[in-house]
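A short write-up of the structure that comes next.
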Amino acid sequence: MNHYLFTTSRLGFRTWQSFDLDDFAAINSDPEVMRFFQKPLSREETQAMMDRMQRMYEERGYCYFAVDLLETKELIGTIGMGWKTFESDFTPCVDIGWRIGKTWWNRGLASEGALACLSFAQQNQITEVVSMASIGNTASIQVMKKIGMDFWKEFDHSELKNFPDIQRCSLYRITF
């Protein structure tokens, strides 16, 4: 049985477990899901990401959480927050993001989950949250708007210098 840190009507948010690897690796290896990232991730890279998220949760009290569909207990992907320190004029900062398997796209799950994470952030005295996506990632930008974030600016992501197709990003933020 999965222990949830918090839930919505359809989603359960929890820390990462070893049994998540197969499902999350399948999501991370899908080129369509990973279209606006540097590349699809291998099983080993997925494990390393899960390990980083577990450490972040232990250190900060939040991470990009493992998210289950409550009805079926299936892992649909990740929605949550991360601590960003890459070189820019707005870091360090708390970022909200999501990565959901395409089986679950277009059901409002990213927006539902992101709103729950913003509430979690407020409850944990986080006063500002940003979100960023490549300017071509209109689906993620729509989620940012839908959850009440405001456009801040466009910027060239310093960690994407070798990926010109996705380097230019839109940055949104919300303050509490």
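Each reported figure results from applying straightforward, stated rules to the coordinates on display, with no laboratory input. Quick caveat, the model's predicted, so the values are computed rather than measured. Heads up, the Cβs are rebuilt from the backbone with ideal geometry, glycines too, and the neighbour counts pull from every protein chain shown.
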Exercise for the section: For residues that are assigned to a helix (DSSP H, G or I) and of a type outside the set (S, T, N, Q), scanning just region 71-109, find the one that is surrounded by the most Cβ atoms within 10 Å (Cβ to Cβ). Expected result: Leu109
Handout entry: Subset tally (residues that are free of Cβ contacts under 8 Å to residues at least 40 places away in the same chain, assigned to a helix (DSSP H, G or I) and of a type in the set (Val, Ile, Thr)) for region 117-160
Key = 2
Practice task
May I ask you to verify whether Met149 is closer than 20 Å to Glu32 by Cα and in contact with a strand residue (DSSP E or B) (Cβ under 6 Å, 6 or more places away or on another chain)?
Solution key: no
Problem - Inter-residue pairs, beta-carbon under 6 Å, first more than 14 Å from Ile96 (Cα to Cα) and in region 58-81, second exposed (fewer than 13 other Cβ atoms within 10 Å of the Cβ) and of a type in the set (Ser, Thr, Tyr), 6+ apart - result: none
Fill in the blank from the handout: Just one listed residue, out of Asp30, Asp68, is part of a loop (DSSP other than H, G, I, E, B), of a type outside the set (Ser, Thr, Tyr) and surrounded by 14 or more Cβ atoms within 10 Å (Cβ to Cβ), and it is Asp30
